[in-house]
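Peer 1: Below is the structure I would like to discuss, written out as structure tokens.
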Amino acid sequence: MLLNILLLIILFLFLFSVAYTYYPFKKPWLTESDYSRRNSPWWELYYASKYLNPVRRAANTYVRDIFSKTVATDNKNERLTESRKIVLKTVGDLMCRRDLIGKGGEGLWAHTGSFVFDCDYSIANLEFAVNPDNVIEKLLRFSVTADHAKPLLGDTRYGFFDHVSIANNHINDSFSRGILSTCNYLDEMKISMIPVLFMRR
């Protein structure tokens with residue numbers, strides 16, 4: 001009897017998981033920083049389901065309306081009469097490591113800095129928040145101080161990145177204050193960014 005009940009529970013959980021994963025009207029969460037908004041066991045189920053059956057529409061952020069509008073300022077469509085070759089260089093994710101603070105970060109760009117920053121414009125993906133009021137160094141959440149962030153963004157020998165993307169799954173790791181402090185820090189560093197839209201709840 002007990003075994004039958006246990007099997008029924010397992011079967012119910014399996015069917016529920018499949019139904020949730022392939023539910024046709026499922027909406028995405030307002031942020032993809034899933035771990036910072038986790039509430040087990042729903043976070044694990046959502047995280048798994050978005051890979052098996054990803055949601056391909058925005059969640060009431062009017063993104064589609066924004067990008068459907070014409071934002072070009074030059075309506076004359078005049079041909080360019082001058083051209084100039086520029087060099088763009090991009091790298092992937094800039095990840096946090098505790099041993100990069102202080103002396104540990106001095107040699108980070110020793111072997112690659114002369115190549116990465118020898119260009120007209122360099123771009124990277126900033127995979128953490130800069131928020132000294134809420135330092136987090138966990139498996140899937142990263143929120144660090146300015147001293148921790150600076151070595152990852154370049155150094156005085158070769159220069160710093162010109163532009164970073166913060167529109168990724170880690171910008172919300174220390175919530176709205178982390179978003180604001182990250183933007184303020186990048187402004188102080190004179191590094192442009194792909195911004196993010198956040199909404200208070």
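Peer 1: List the pairs whose first member sits in segment 121-147 and is within 26 Å of LEU88 (Cα to Cα), whose second member is in a strand (DSSP E or B) and of a type in the set (Phe, Trp, Tyr), and whose Cβ atoms are under 6 Å apart, counting only residues at least 6 apart or on separate chains?
Peer 2: PHE128/PHE142
Peer 1: Name, by its number, the condition in (1) among the aromatic types (Phe, Trp, Tyr); (2) at pLDDT 75 or above; (3) touching a helix residue (DSSP H, G or I) at 6+ places or on another chain (Cβ under 6 Å) that does not hold for TYR47.
Peer 2: Unmet for TYR47, out of (1) among the aromatic types (Phe, Trp, Tyr); (2) at pLDDT 75 or above; (3) touching a helix residue (DSSP H, G or I) at 6+ places or on another chain (Cβ under 6 Å): (2).
Peer 1: Next question, about the same structure. Among the residues that make up segment 82-105, is at least one of them at positive phi, surrounded by 10 or more Cβ atoms within 10 Å (Cβ to Cβ) and at pLDDT below 85?
Peer 2: yes
Peer 1: Next question, about the same structure. For VAL71, only one of the following conditions fails: (1) out of contact with any Ser or Thr (no Cβ under 8 Å at 6 or more places or on another chain); (2) modelled with pLDDT of 75 or more. What is its number?
Peer 2: Every listed condition holds for VAL71 apart from (2).
Peer 1: Let me ask you something else. Would you mention how many residues in segment 161-189 are buried (at least 19 other Cβ atoms within 10 Å of the Cβ), more than 14 Å from the chain's Cα centre (by Cα) and closer than 13 Å to SER122 by Cβ?
Peer 2: Selection size over segment 161-189: 1.
Peer 1: Among the hydrophobic types (A, V, I, L, M, F, W, C), in contact with a strand residue (DSSP E or B) (Cβ under 9 Å, 6 or more places away or on another chain) and surrounded by fewer than 18 Cβ atoms within 10 Å (Cβ to Cβ): which single residue out of ALA146, ALA129, ALA124 fits that description?
Peer 2: Exactly one residue qualifies, and that residue is ALA146.
The values are calculated or read from the model by the stated rules, or taken from the named source; none is laboratory data. Keep in mind that this is a model prediction, so the values were computed, not measured. For neighbour counting, all protein chains shown are included, and Cβ atoms are generated from backbone atoms with ideal geometry for every residue, glycine included.
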